[in-house]
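Working notes for the structure below.
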Amino acid sequence: MATLRAICVVASALAVCAGAIAAPVYSNNFETDFSGFTNAGVQPALTRYSLPTDGGGVNGPNQSMWLGRMGYGINKAPSSKEIVNLTVTGLVPGTVYTVSFDLLVGASWDGAASGYGLDGWYFSVDGVRLVDTSFSNGDQGRDFGAYSPQRYTDTNYLTPNGGDVLAFTGAEFSRREGPGYSGYYGIYYFSHGAGNPVLTFTATGSAATLEWARYSGANNFGDSGDEYWALDNVMVDGAAGACAGDLNGDGFVDDSDFVLFVSAYNILDCSDAAMPAGCPADLNGDGAVDDSDFVLFVPAYNTLVCP
């Protein structure tokens, strides 16, 4: 590896390791407001709504204010998207950031069911989807009459295609109540909690646009308006490493990070099941670990010590 470091010194003038991260660049638990968030698509004006924080039921004692209920009362159709946007500023270009949040999906989400699905949902940064999947709140024969699997798991969240799994797979908390579907919900954690997906992006400028959206598949003929979703504990912060390329978060970009980078480079596709959660070696956030990421990795490797 020493030879590699000598070779990489040639590129040291290209860039420097991204600046250190102090406080989060954005944080909101919606207890007082939803500052910075805007609505788009068919989503009407935003509001805060009290919803559960655990599996105690929609009327349980443990509640907090969420940004929601997005999509409630809106019939679902392929031409409709329920969209929420947030633009964060004060970013350092080339720096890796982590986005964490809680997602609650409520009522009769049908996952990949034919006719009433696809009940899809995505999260993107500057148009690049870091989550793109479907959720279900019911299993055939127990909750729903139709076959209604979901596609989300903690390891498959970048595509609405793939293997079918049972409702609530990967959920931190879930609840089934009756009568009807109004009490059904699942809560999913992103970038926090053991085993959950870690969502990162590399800033290409001083600002980035974050987008959360519910969408319907082409075979969805007009699903029920009872289905809704909500966000809580949204935070944009520095990733585990203090600078781009510090893949193991030890404050250095060195040979141990190079080993991790090479492994990810050989896998290439961030949606590959073999890729580490969050695809941290994807330094430019385009969904693949390739030569464009290596160009960013080299100057950080030359700098060695993160600021």
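Quick notes
- Verdict on GLY111 being touching a strand residue (DSSP E or B) at 6+ places or on another chain (Cβ under 7 Å) and at positive phi: yes
- Verdict on ASP293 being in a helix (DSSP H, G or I), buried (at least 18 other Cβ atoms within 10 Å of the Cβ) and without any contact (Cβ under 8 Å) to a residue 40 or more places away in the chain: yes
- Residue that is outside the structural domain of VAL92 (by TED's automatic domain parsing) and of a type outside the set (Lys, Arg), where the choices are SER216, SER206, SER256: SER256
- Any strands (runs of 3 or more DSSP E) falling wholly within the stretch 21-96 and containing at least 3 residues that are modelled with pLDDT of 95 or more and farther than 24 Å from THR200 by Cα: 48-52, 63-70
- Within the stretch 84-109, tally of residues that are out of contact with any Lys or Arg (no Cβ under 9 Å at 6 or more places or on another chain), under 19 Å from TYR152 (Cα atoms) and not hydrophobic (A, V, I, L, M, F, W, C): 3
- Sole exception among (1) buried (at least 16 other Cβ atoms within 10 Å of the Cβ); (2) at negative phi; (3) modelled with pLDDT under 90 for GLY287, by number: (2)
- Residue ID - surrounded by the fewest Cβ atoms within 10 Å (Cβ to Cβ), chosen from residues in the stretch 43-94 that are β-branched (Val, Ile, Thr) and closer than 23 Å to GLY186 by Cα: THR47
- Residue list for the stretch 252-274, restricted to those being at pLDDT below 85 and surrounded by 15 or more Cβ atoms within 10 Å (Cβ to Cβ): PHE252, CYS270, SER271
- Flag if ASN156 is under 25 Å from MET275 (Cα atoms), of a type in the set (S, T, N, Q) and without any contact (Cβ under 8 Å) to a residue 60 or more places away in the chain: no
- Test: residue in the stretch 64-83 that is touching a Lys or Arg at 6+ places or on another chain (Cβ under 6 Å), within 14 Å of GLN150 (Cα to Cα), of a type in the set (A, V, I, L, M, F, W, C) and touching a residue at least 12 places away in the same chain (Cβ under 8 Å): no
- Within the stretch 197-209, being more than 10 Å from the chain's Cα centre (by Cα) and assigned to a loop (DSSP other than H, G, I, E, B) holds for ALA203, THR204, GLY205, SER206.
- Number of positions in the stretch 200-251 that are surrounded by fewer than 20 Cβ atoms within 10 Å (Cβ to Cβ), under 30 Å from TYR265 (Cα atoms) and at pLDDT below 85: 5
The values are calculated or read from the model by the stated rules, or taken from the named source; none is laboratory data. Quantities reported herein were computed from a predicted structural model and do not represent experimental measurements. A quick note on method: Cβ atoms are made from the backbone with ideal geometry, for glycine too, and the neighbour counts reach across all protein chains shown.
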